[in-house]
1. Could you compute the net charge surrounding K166? Neighbours are other residues with a C-beta less than 15 Å from the C-beta of K166; K and R count +1, D and E count -1.
2. Pull up the cross-link candidates among the aspartates and glutamates for K87, meaning alpha carbon to alpha carbon under 15 Å and not fewer than 8 places away within one chain.
3. How many lysine pairs in region 7-72, separated by 8 or more positions in sequence or lying on different chains, have Cα atoms less than 18 Å apart?
4. Which residue fluctuates the most in the chain, going by a Gaussian network model with Cα springs under 10 Å, if the choices are V76, V117, V28?
5. Report the calculated FRET efficiency for R71 and K137 (r = Cβ-Cβ distance, R0 = 25 Å), to the nearest 0.05.
6. Just the accessible area for E29, please: 1.4 Å probe, Å², rounded to the nearest 10?
7. Tell me the relative contact order for region 1-105 as a rounded percent, counting alpha carbon contacts under 8 Å between residues six or more apart.
8. What's the local net charge at N148, with K and R +1, D and E -1, over the other residues with C-beta under 15 Å away?
Amino acid sequence: MGVFVPTYFAPISLFSQIYQSNEIIFEVEENFQKQSYRNRCYIYGANGKQMLNIPVKKNTSKEKQKTKDTRIENSVKWQDQHFKSLKASYNCSPFFEFYEDDLQALFRKKYDFLIDVNIDCFLFFTEVLQLDLPFSKTLSYLATYQENDFRHLADTKQTQTTQPLKYIQVFDDKHGFIPNLSLLDLLFMEGPNTLSFF
């Protein structure tokens, strides 16, 4: 069992932990935290590490906002921008075209809540990697779990404890290897071989 926060195209270290868990529980009752992988991911752009950020609506109530209640600010055309950024970065990668149609379908879908985007990102990865990873959602918030609490991996300031396996990246001749980008980076470079890097 592992408890995780649903994230936007999870970083490699987080998805690696998900892959190693036989039971996945997604934390949906916690308070939304800004500047985390909940609404952002990092890819390898022509100028190095590039952030893709989903804009969220400001919380107008005095109560803290739960992650499951966090709404997307759709007045910003973030889906078009993110897909164009991914295409510009990875169009020449070995496997981008294999996943492009499935990815584009996700970016054409209309979303109101951030949690729905993040669950669909998780399902995208399980589908293209042919993984059977059933999950459930929390019904109440617990501050701590006895074991297998991986919620901290959704924090962008979290440092990786294990040395990542290196793979060829699209612009590594310019900027070198950048560890722990979104799993998309590894997927577009390694395709079906992605799981061998966990």
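The values are calculated or read from the model by the stated rules, or taken from the named source; none is laboratory data. These figures come from a predicted structure and were not determined experimentally. All Cβ positions, even for glycine, are placed from backbone atoms using ideal geometry, and neighbour counts span all protein chains on display. Areas reflect the complete protein model, heavy atoms only, side chains present, ligands, DNA and RNA absent. Shrake-Rupley method; radii C 1.70, N 1.55, O 1.52, S 1.80 Å.
1. With Lys, Arg at +1 and Asp, Glu at -1, the net is -4.
2. Within reach: E97, E100, D101, D102, D185.
3. Taking region 7-72 as the scope, the lysine pair count is 10.
4. Judging by the Gaussian network model, the answer is V76.
5. The formula returns an efficiency of 0.90 here.
6. About 20 Å², ignoring ligands and nucleic acids.
7. So the answer I get is 22 percent.
8. Charge balance near N148 sits at -3.
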